[in-house]
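See structure below.
The values are calculated or read from the model by the stated rules, or taken from the named source; none is laboratory data. Everything quoted here is computed from the prediction, not taken from an experiment. Every residue, glycine among them, receives a Cβ derived from its backbone with ideal geometry; neighbour counts consider all protein chains shown.
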Amino acid sequence: MMTMAASNWTTTRKAFVSMFVTRPMITSGSTKTAEIVDVIGLHGNGSLGNVPARGGAIGPMVTWLKRTLERFHRDERGAVLAEALIIVPFVTLFSVGILEFGNMFWEKEQIETGLRDAARYLARCQPSNAVSGYVSQCSDTVARRIAYYGTSNPAATALRVPGWGPSGSAIVFATVTRAGKTVNVASTSLAYSNSPLFGWLGLANITIQAYHEERYIGW
């Protein structure tokens, strides 16, 4: 009877240990591991309470696992690196966006400045007078050159804004009447296509539109 009872106890112990050890329920670090050790009664020598266990290596393995999880729970090395890996891409994207939009607004300001200079030039041009024989030297060609290059010199080659020139973006001049006054209007547009950020994000090119009005004064 004692032999049969010992045999049943050994079989039950093996099944009980197998259920917890081969499928560990470790869910929250060392706390759950400690609960498993307390439930199955494993000690450093691999025994179950006062009953010797044949698998003497199980106890040290669970103890090692418990200590490893506790050390991993307390260890904060590498936390800064992990946070940097999460934050750096967003900070980089934000910084590039600031530079890109700043450059776009700078180009718009430069284009509007060029249109203003061209409209002022036309607003102060005296038209030809057949009675007096005066022939005006003003022309839209000179006004466009002033807008694109910032000078009326025909030899100028340095554009005010890269990509905004005679071959790519036309400047339209018109004359309108507002409150009985003659007003010169200059307008243009430029496709902003130099953005690596917009290309990476798959966005379409942005079109910069600008215009300027100047009341005609003459001389």
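Quick notes on this one:
Rundown of residues vs (1) buried (at least 16 other Cβ atoms within 10 Å of the Cβ); (2) outside the structural domain of residue 210 (by TED's automatic domain parsing); (3) among the hydroxyl-bearing types (Ser, Thr, Tyr), yes/no style:
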| position | (1), (2), (3) |
| --- | --- |
| 114 | yes, no, no |
| 121 | yes, no, yes |
| 125 | yes, no, no |
| 140 | no, no, no |
| 144 | yes, no, no |
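- Filtered residues of region 137-173 (kept if at positive phi and touching a Lys or Arg at 6+ places or on another chain (Cβ under 6 Å)): 150
- Within region 201-219, residues that are in contact (Cβ under 8 Å) with a residue 12 or more places away in the chain reach partners that are surrounded by fewer than 17 Cβ atoms within 10 Å (Cβ to Cβ) and assigned to a loop (DSSP other than H, G, I, E, B) with beta carbons closer than 8 Å, at six or more positions or on different chains, in the pairs 205/193; 217/124; 218/124; 218/126; 218/127; 219/124; 219/126.
- Hits in region 116-136 (condition: modelled with pLDDT of 90 or more and either part of a loop (DSSP other than H, G, I, E, B) or touching a helix residue (DSSP H, G or I) at 6+ places or on another chain (Cβ under 6 Å) (or both)): 117, 118, 121, 122
- Within the set 146, 111, the sole residue that is within 18 Å of residue 207 (Cβ to Cβ) and among the β-branched types (Val, Ile, Thr) turns out to be 111.
- Filter result for the condition that a residue is modelled with pLDDT under 85, part of a helix (DSSP H, G or I) and among the aromatic types (Phe, Trp, Tyr), over 72, 101: 72
- Any hit, region 156-164, residues being of a type outside the set (S, T, N, Q) and closer than 27 Å to residue 217 by Cα: yes
- Residue, farthest from residue 149 (Cα to Cα), within region 165-194, restricted to residues that are among the polar types (S, T, N, Q) and touching a Leu at 6+ places or on another chain (Cβ under 8 Å): 184
- Of the set (1) within 13 Å of residue 213 (Cα to Cα); (2) crowded, with 17+ Cβ neighbours inside 10 Å, all apply to residue 183 but (2).
- For residue 161, the requirement of being hydrophobic (A, V, I, L, M, F, W, C), surrounded by 10 or more Cβ atoms within 10 Å (Cβ to Cβ) and farther than 26 Å from residue 101 by Cβ is not met.
- Selection status of residue 174, among the aliphatic types (A, V, I, L, M), assigned by TED's automatic domain parsing to the domain that holds residue 209 and surrounded by fewer than 13 Cβ atoms within 10 Å (Cβ to Cβ): yes
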